[in-house]
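The values are calculated or read from the model by the stated rules, or taken from the named source; none is laboratory data. Fair warning: this is a prediction, and the values are worked out from it, not measured in the lab. Using ideal geometry, Cβ is built from the backbone for each residue, glycine included, and neighbour counts are taken over all protein chains shown.
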Amino acid sequence: MIAPELISNDEELRLIMPNVERDAQTSIGWLEGEEGRETLRSMGVTEGDISEPTLEGEEERIRELIESQHRIAWMIEHDGDIIGVVVVELNATKYLDAPAVSVMIGDSWERGKGIGTSALRLAIDWLHAEQEDLFIFARHRVSNEAAAQVLL
């Protein structure tokens, strides 16, 4: 689903629409190897749902993010680099009620800097501007207390 680009007040952080050509190879780097598996596990993805990423698979996943009528996705651009993704599921899943927002900072060296929290805040503020009195669910790394606090 198409949503507007969202820009932080300091303009260092932008939430932009996914682009298959730009983002597929980048996201493989986030998900491959043991570090990628650990990232997914820490977000609550079960071991059975984790597989080694492929270019074709990532291209298809990003196409689905773009074309879906049931979710909104933004790539997180920080200082000109794509470093993660924010996804809003508009329909309930077997794991979460809706709307549910998730964030993943794919570049591990960018974690712990508040970027994911700021990205969540931008997305949540936009959702509340679209619909007041909205109860939002979230999915983020279990250890990310700052992200959890954004929702309180």
(Q) Quick check on this structure: which one of Leu151, Leu40, Leu96 is more than 22 Å from Met1 (Cα to Cα), touching a strand residue (DSSP E or B) at 6+ places or on another chain (Cβ under 8 Å) and at pLDDT below 95? (A) Leu151
Q: Pairs only if they're at least six apart or on different chains, beta carbon under 9 angstrom, first in the stretch 16-28 and in contact (Cβ under 8 Å) with a residue 60 or more places away in the chain, second surrounded by 15 or more Cβ atoms within 10 Å (Cβ to Cβ) and among the basic types (Lys, Arg); list them, first residue then second.
A: Ser27/Arg61
Q: Would you please list the contacts, defined by Cβ atoms under 6 Å and residues six or more apart or on different chains, that run from a residue in the stretch 77-99 that is small (Gly, Ala, Ser) to a residue that is modelled with pLDDT of 95 or more?
A: Gly84/Ile76
Q | Residues within the stretch 68-80 that are under 16 Å from the mean Cα position of the chain (by Cα) and either more than 23 Å from Ile7 (Cβ to Cβ) or not hydrophobic (A, V, I, L, M, F, W, C) (or both), tallied | A | 5
Q: Could you check, for the stretch 70-88, whether at least one of its residues is of a type in the set (Gly, Ala, Ser) and touching a helix residue (DSSP H, G or I) at 6+ places or on another chain (Cβ under 6 Å)?
A: yes
Q | Single match in Arg63, Arg37 (criterion: farther than 23 Å from Ala123 by Cβ and among the basic types (Lys, Arg)) | A | Arg37
Q.
Please determine whether any residue of the stretch 98-109 is within 30 Å of Gln131 (Cβ to Cβ) and over 14 Å from the mean Cα position of the chain (by Cα).
A. yes
